[in-house]
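Asks: Okay, handing you the structure first.
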Amino acid sequence: MAGPTHYSLPLPSFDAPVKLLAVASPYYKDIFDQQIAGARAICDQAGVELEIAEVPGALEIPTAIGIAARMSNFDGYVALGCVIRGETTHYDTVCNDSSRGLTLLGLQGLCIGNGILTVENYEQAAVRAQADGQNKGGGAAAAALHLIALSRTWGRSGKPVGFTSQTLAKGGDTV
């Protein structure tokens, strides 16, 4: 059953430009296309720049976001992909590990909207991805924008979050 195309919170507005990176797997090309369309529509509505980086599969999405966070200047990230249950336990591994990777990155302070679909069959994926339907790609983009807005509201001191090489070198003192 398709859900409405709305979100419980209105999209945030920003005083300064926002640069968002969608890291997406085109493994199921038509699902990918719908997820990107949904994310792009939300970003356009919010006046946000969206760049797209493609990776082979869902397991590579957290790694690519981690690399981008270390080597670029994005304000937030959207994880887009699709994992459909098969005949082996590989589905569980991909679902659990991609989700765990995104959660760990989020706990380090990255603003990430998780739009990796984890479904039983292709039909479920198609319904959830549809840009003019459930629009899970758009929902993930909106989630990332809300996290960026919170991070800007609470202030970014430029201090790293968590343990850094400087913290470890000082024996655990904060930097």
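The values are calculated or read from the model by the stated rules, or taken from the named source; none is laboratory data. Just so you know, these numbers come straight off a predicted model, no measurement behind them. Heavy atoms of the whole protein, side chains included, go into the accessibility calculation; ligands, DNA and RNA do not. Shrake-Rupley method; radii C 1.70, N 1.55, O 1.52, S 1.80 Å.
Asks: For GLU123, what accessible area in Å² do you get when you roll a 1.4 Å probe over the heavy atoms of the protein chains, rounding to the nearest 10?
Replies: Looks like 120 Å² after rounding.
Asks: Another question, if that's okay. Of all the accessible heavy-atom surface of region 78-135, with the other protein chains kept in place and a 1.4 Å probe, what percent is carbon and sulfur?
Replies: Carbon with sulfur: 47 percent of the solvent-accessible area.
Asks: Skip the ligands, DNA and RNA, and give the accessible area per residue of region 1-151 with a 1.4 Å probe, whole Å².
Replies: 50 Å²
Asks: In region 50-114, what is the volume of the convex hull around the alpha carbon atoms, normalised per residue and reported in Å³?
Replies: 77 Å³
Asks: When all protein chains stay in place, what accessible area (Å², nearest 10, 1.4 Å probe) is found for PHE32?
Replies: About 20 Å², rounded to the nearest 10.
Asks: Over region 1-124, what per residue volume does the convex hull of the Cα atoms give, in whole Å³?
Replies: Taking only Cα atoms, region 1-124 has a hull volume of 115 Å³ per residue.
Asks: What length, rounded to one decimal in nm, is gained on full extension from GLU123 through to GLN45, with 0.36 nm per residue of separation minus their alpha-carbon distance?
Replies: Gain on stretching GLU123 to GLN45: 25.3 nm.
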